[in-house]
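Presented below is the structure to which this report refers.
The values are calculated or read from the model by the stated rules, or taken from the named source; none is laboratory data. In this text the structure is predicted, and so the values were computed from the model without any measurement. With ideal geometry, Cβ positions are generated from the backbone for all residues, glycine too; neighbour counts draw on all protein chains shown. The protein model used for the area step is the full one, side chains on, heavy atoms only, and it has no ligands, DNA or RNA in it. Shrake-Rupley method; radii C 1.70, N 1.55, O 1.52, S 1.80 Å.
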Amino acid sequence: MPPEPPSRLGTRTDLLRPGLRPKRLTQAMSERVRSWTVRALLSPNATLGIGAFLIFVLVASLVISWSRSQPLAGVGRVMTEAKTVRVLLRSEDAAATEAAREAARQRTPRVYVADDEALSEIARQLESLPRTLASVSSLDEVDASIRTLYNLTDESLRALRGEAIDGEPSTLWRRSIASFMSSLALRPIVDEQTWQRATQDGAFAQLKLLVAGREILVARGEMLNLGDQSKLAQAIDYAARDAGVTYSLRGVLVARLMAHAKPTYRYDSALSAAAQNAEAESIAPVVRENPVGQVIYVRGDVLSESQYALYQAELRAYNETKPTWHLATRRAAVIMLCVAIGLAIVLYTGLFVPDAARSPTRIVSLAFVLLAGLIVAAVATVIEPAAAPISTIAPTMFVAAVLAVAYGYRAALAYGCLHGLLVCVAVDAGVGEFISIVTAIAVAAWQLRDIRDRNALLRLALLAAPAIALVSGVTQALEIPLTAPGLRQIGHDVLWAASSALLVAGVVLFLLPAIERAFGVATSLTLAELRDPKHPLLRELQIRAPGTYNHSLNVAAISEAASSAINADSLLTYVGALYHDIGKMNKPEYFVENQAGGPNKHDKLSPAMSLLIIIGHVKDGLELAREYGLPRDLQHFIESHHGTTLIEFFFHRAKQQALKQSGGGSSERRAGDSSGGERDDDAGPMPSEVEFRYPGPKPRTRESAILMIADAVESATRTLSEPTPARIDGLVRAIARKRLLDGQFDDSNLTLSELNDIVESISRSVASIYHGRVVYPEPASTATAS
């Protein structure tokens, strides 16, 4: 069979390629994840990372399980779905019970206490009146005050004298007065205000009178108003008539009581309240049965107090009565979800945020921020469900803003979305709420990519608020019934959601310094402040080591241009370059750029001592950085700008001294010692390269790798006699190649393509600094004179 034409083979291969590429990509990604997992488990921070992961899963699971078991609907909210009773519910109708008890309170007779002393005084005076007047023959003989007090007439005086037998009140009179006082006790006289309250308060039909240690119930209408004189006099007259007092003497009794009229009873509020409470407590709770399937509320209902109480009782009963396996399954599902999200966070951190994975402080800070945001969102929503639009959006938006500051906008998007999923599960939110959360995350990540001034947070608030409001309004309109209450709620929720942007921007602005310290990062705002030449540390460097300061300025300019060429953080690179050699100010005279042509102090030192001084500027720089509170990102520039490179000058000087001490040696022997660390039979021990290398660490970021190249190039260029562009380019490429082959860029994630761009940028920048000058001829007069 003849072979297929080449065109058909090519076509078949082309058809296979789309299937092969994803497969290769998947295999590469799997291999990367596998290798990262192995490295992570073997790293010193593995125990801390595992502990943080377990705590995150445990706390998140507990928070979500708790919040989902709480009522997440508020009174006055428009319901978006119907809810029915799932278990037979026997519950107290709190409203009905309270209504019944209040009715009992209103029916309870109020308590009035008699003024026993005043009543006894009236009874004594009336009973002794016949004795007082028994010896009086005419009205003129009666004391004027008594005559006025009792309104005595000749007729009433004769009648009173007739009630006296042998100068003492008759038995009939005594009985009539006793009966009159008993009748008066059943007609309580009170002041006008007490009478007004008694006629309006409550629904009781009787009054409870406490008189002479007895309780008497009388009709409410028997109460007499001290302010109504005519009705009071009439009531007293009726009481005297009922007591059998003759007509001529009834006026005497009426006159006496009306002369110094005062209340005979007072209202006792304490006894009345106690009686009302006792009556209310005697009312049994009103129990209502709610069968399975009974509707609690339907879509579009505005949740009332009674509906909320039933919903709360049903949820509590359901959680208490559901089977154990049901509860265990729910909790297991929550734990599995938290494990999945936690693993996603761990994987993303290890693969794309290595700075966080390498630092114990950042691991703890990341876990704390994520858990704190989840707890705030869950607790705030449970406490006030009506504020759910802000309590779900604001915490997640704050988490995204913090992580955008700490790790960049990509990390903020990833962590924010994962955190938003946890929040939505915790508060039982729908897709609409999640979309609003993602919108807030996206705007926060976008606006906080680079905080060069405080206006960035103002722009965040001004852009995020309308964006969140628009998305929230659209999603709410899709979920909430478009009734009058529903439209009012949509407007309310949109305002709450928009205010979350203002709240987050204000809180981040207030906490920005604390966020930078917690995560060991520096925002562009802080970097802009640190690049100011008036910074105390830079001022000190200018005074004590001016040559080093000038070198740092050149390196900063070169590094900034190279960072821009590969889209790295140029501001961070510039500021890191400014501070990378601050350790030299402790011993500036031992560094060539500060010697100004004077004698080299290293000529009088051994190579080992010179090595300690040169290496010491890194350690001194770190101590100064910590003393002045420089961010951790800048400290890395100081500790890594030499990496683990060899200090070649002093290494070769040490080798030469070793050869001299051994009495010289053949050229072949010298050639054989170039590797270092070998022992020759005649020359003795040779210095090792390991002893003459910087302690590191190697650069871990692209920015610090750029500084390493720029620092070496700027120093080496000064040794060129004729720094032409071609020679400078060759020097830059040689230094970059040497650092690459020495493994200095292994931890920096720098690609060969980016390294080439860096080399070209540095070549251009250095050539522009050390460009050649035109040699101008001397004037003729000067030449002749010379």
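Send over a whole-number figure in Å² for the accessible area per residue of the chain, probe 1.4 Å. Don't skip to the answer; put the middle values down first.
Numbers: 40280 Å² over 786 residues.
Spelled out: the 1.4 Å probe surface of the chain, per residue, equals 51 Å².
So which of LYS604/LYS660; LYS604/LYS655; LYS655/LYS698; LYS534/LYS584 end up more than 22 Å apart, counting from Cα to Cα? Don't skip to the answer; put the middle values down first.
Values: LYS604/LYS660 16 Å; LYS604/LYS655 17 Å; LYS655/LYS698 26 Å; LYS534/LYS584 19 Å.
Result: LYS655/LYS698 exceed 22 Å.
Considering only protein heavy atoms, what is the solvent-accessible area of ARG531 at a probe of 1.4 Å, reported in Å² to the nearest 10?
Accessible area, nearest 10 Å²: 80 Å².
Using a Förster radius of 56 Å, what is the FRET efficiency between ASP603 and ALA340 based on their Cβ-Cβ separation? Nearest 0.05, please.
Rounded to the nearest 0.05, the efficiency is 0.30.
What number results when the radius of gyration of region 517-663, computed over Cα atoms, is divided by 2.2 N^0.38 Å? Walk me through the numbers on the way to the answer.
Working: Rg = 17.1 Å, N = 147, 2.2 N^0.38 = 14.7 Å.
After normalising by residue count via 2.2 N^0.38 Å, the value is 1.16.
Principal axes first, then extents: for the Cα atoms of the chain, list largest minus smallest coordinate on each axis, whole Å, largest first.
Sorted largest first, the three principal extents are 166, 94, 62 Å.
Normalized C-alpha radius of gyration of region 340-421, against 2.2 N^0.38 Å?
Working: Rg = 13.0 Å, N = 82, 2.2 N^0.38 = 11.7 Å.
Dividing the Cα radius of gyration by 2.2 N^0.38 Å gives 1.11.
First measure r as the distance between the Cβ atoms of ARG718 and GLU589, then evaluate 1/(1 + (r/R0)^6) with R0 = 30 Å and state the FRET efficiency to the nearest 0.05. The partial results should precede the final answer.
Details: r = 18 Å, r/R0 = 0.59.
That gives a FRET efficiency of 0.95.
Once the dipole of the chain is set up with Lys and Arg at +1 and Asp and Glu at -1 on Cβ about the Cα centre, which of ALA255, LEU502, ASN600 lies farthest towards its positive end?
ASN600
Measuring from label point to label point, each 7 Å out along Cα→Cβ, what is the LYS322 to ARG459 span in nm?
In this crude spin-label approximation the distance works out to 4.8 nm.
Could you tell me which of ILE363, LEU337, VAL376 has its Cα farthest along the dipole of region 300-382 towards the positive end, charges placed at Cβ (Lys, Arg +1; Asp, Glu -1), taken about the Cα centre?
ILE363
Please report the base-10 log of the normalised intensity I(q)/I(0) for region 408-558, using a Debye sum with one equal scatterer per alpha carbon and no solvent, at each q in 0.09, 0.11, 0.18 (1/Å).
Relative scattering, expressed as log10 I(q)/I(0), comes to -0.43, -0.57, -1.08.
Helix 247-259: angle to the longest alpha-carbon principal axis of the chain, degrees 0 to 90, nearest 10?
Its long axis makes an angle of about 30 degrees.
Considering the options ASN455, GLY520, ILE758, tell which one lies farthest towards the positive end of the dipole of the chain, charges being +1 on Lys and Arg and -1 on Asp and Glu at the Cβ, about the Cα centre.
ILE758
For region 587-595, just list the computed ³J(HN,Hα) in residue order, Karplus coefficients 6.51, -1.76 and 1.60, θ = phi - 60°, integers in Hz, with x standing in for Gly and Pro.
Running phi through 6.51 cos²θ - 1.76 cosθ + 1.60 with θ = phi - 60° gives 9, x, 6, 8, 10, 4, 5, 9, 8 Hz.
Along the Cα→Cβ direction, 7 angstrom out, place labels at ASN151 and ILE383. What is the inter-label distance in nm?
Calculated label separation equals 7.0 nm.
Sort TRP66, TRP446 from largest to smallest accessible area, using a 1.4 Å probe on the heavy atoms of the protein chains.
On the way: TRP66 105, TRP446 135 Å².
The most accessible residue leads, giving TRP446, TRP66.
Rounded to the nearest 5, what is the percent of antiparallel bridges among the DSSP beta bridges in the chain?
Here the antiparallel bridges make up roughly 80 percent for the chain.
Please compute the modelled spin-label separation between ARG449 and GLU529, points set 7 Å along Cα→Cβ, answer in nm with one decimal.
2.5 nm
Please compute the length gained on full extension between SER179 and THR644, using 0.36 nm multiplied by the number of residues separating them and subtracting their Cα-Cα distance.
On the way: separation 465, 0.36 × 465 = 167.40 nm, distance 11.94 nm.
Contour length minus Cα-Cα distance gives 155.5 nm.
For the chain, what is the charge dipole size about the Cα centre, in debye to the nearest 20, if Lys and Arg each add +1 at the Cβ and Asp and Glu each add -1 at the Cβ? Write out the running numbers ahead of the final one.
On the way: 80 positive and 81 negative charges, 432 e Å.
Here the chain has a charge dipole of around 2080 debye.
Which FRET efficiency, nearest 0.05, do ALA205 and ARG90 yield, Cβ-Cβ r, R0 41 Å? List each step's numbers first, then the result.
Numbers: r = 35 Å, r/R0 = 0.85.
Result of the calculation: an efficiency of 0.70.
With a 1.4 Å probe and every protein chain kept in, tell me what percent of the accessible surface of region 300-432 is carbon plus sulfur. Provide the component values of the computation, followed by the final result.
Values: 3810 of 5490 Å².
Here it works out to 69 percent.
Ignoring ligands and nucleic acids, what accessible area does LEU659 show with a 1.4 Å probe (Å², nearest 10)?
20 Å²
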